[in-house]
1. Condition first: charged (D, E, K, R), exposed (fewer than 14 other Cβ atoms within 10 Å of the Cβ) and over 14 Å from Leu50 (Cβ atoms). Now tell me which residues in the range 82-109 satisfy that.
2. Among Lys63, Lys51, Lys38, which is the only one that is under 13 Å from the mean Cα position of the chain (by Cα) and charged (D, E, K, R)?
3. Across the range 21-37, what is the number of residues that are closer than 19 Å to Gly101 by Cβ and buried (at least 18 other Cβ atoms within 10 Å of the Cβ)?
4. Kindly indicate whether any position in the range 78-87 is under 20 Å from Glu35 (Cβ atoms), more than 13 Å from the chain's Cα centre (by Cα) and not aromatic (Phe, Trp, Tyr).
5. Is it the case that Lys63 is surrounded by fewer than 16 Cβ atoms within 10 Å (Cβ to Cβ), without any contact (Cβ under 8 Å) to a residue 24 or more places away in the chain and part of a loop (DSSP other than H, G, I, E, B)?
6. Out of all the residues in the range 15-28, is one or more modelled with pLDDT of 95 or more, of a type in the set (Ser, Thr, Tyr) and more than 13 Å from the chain's Cα centre (by Cα)?
7. Pick out the one residue from Lys75, Lys51, Lys38 that is part of a helix (DSSP H, G or I) and out of contact with any strand residue (DSSP E or B) (no Cβ under 7 Å at 6 or more places or on another chain).
Amino acid sequence: MATNTPVIYHNPRCSKSRDALKLLQDAGCAVEVIEYLKTPPSAAQLENLLKMLGMKPQELVRKGEAIYKERYAGKALSDAEWIAAMVEHPILIERPIFVAGDTAVVGRPPERVLESI
């Protein structure tokens, strides 16, 4: 997924995601915005993101979401099953994710995105 233009996987309804995008824009960083709820990443894209993040799939899951509590809380899923769950329900993906070159960070706190520019 290495690209010349940095990418932010963004949810405009999330204050942390909006803050991270604003920080990047204020820093003069030209960034491609992917609204991942409208254009969810594929399983292969998620696997690549997870490698760049150095995270296991379960670590990228938002455990406060209603769909998590209803369908996944307390379950022991394999990495592939967690990835499939995030593909099916992209709201489960922690946000924002900023990708610059071959590195990625979760923008929590939002200032973390500035580490990669």
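1. From the range 82-109, those charged (D, E, K, R) are 88, 94-95, 102, 108; that's our starting set.
In the following step, the residues that additionally are exposed (fewer than 14 other Cβ atoms within 10 Å of the Cβ) were identified as 88, 102.
Glu88, the sole residue that qualifies.
2. Values: Lys63 fails: under 13 Å from the mean Cα position of the chain (by Cα); Lys38 fails: under 13 Å from the mean Cα position of the chain (by Cα).
The conditions single out Lys51.
3. Number of matching residues: 6.
4. Yes, the conditions are met somewhere in the range 78-87.
5. On the way: surrounded by fewer than 16 Cβ atoms within 10 Å (Cβ to Cβ): yes; without any contact (Cβ under 8 Å) to a residue 24 or more places away in the chain: yes; part of a loop (DSSP other than H, G, I, E, B): yes.
Yes, satisfied.
6. Yes, the conditions are met somewhere in the range 15-28.
7. Being part of a helix (DSSP H, G or I) and out of contact with any strand residue (DSSP E or B) (no Cβ under 7 Å at 6 or more places or on another chain) holds for just one of Lys75, Lys51, Lys38, which is Lys51.
Residue-by-condition table, conditions (1) more than 18 Å from Thr103 (Cβ to Cβ); (2) assigned to a helix (DSSP H, G or I); (3) touching a residue at least 60 places away in the same chain (Cβ under 8 Å):
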site	(1), (2), (3)
Thr5	no, no, no
Ile8	no, no, yes
Asp19	yes, yes, yes
Gln58	yes, yes, no
Ile67	yes, yes, no
Ala80	yes, yes, no
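The values are calculated or read from the model by the stated rules, or taken from the named source; none is laboratory data. Being a predicted model, the structure only gives us computed values, none of them experimental. Reconstructed Cβ throughout: ideal geometry from the backbone, glycine too, with neighbour counts over all protein chains shown.
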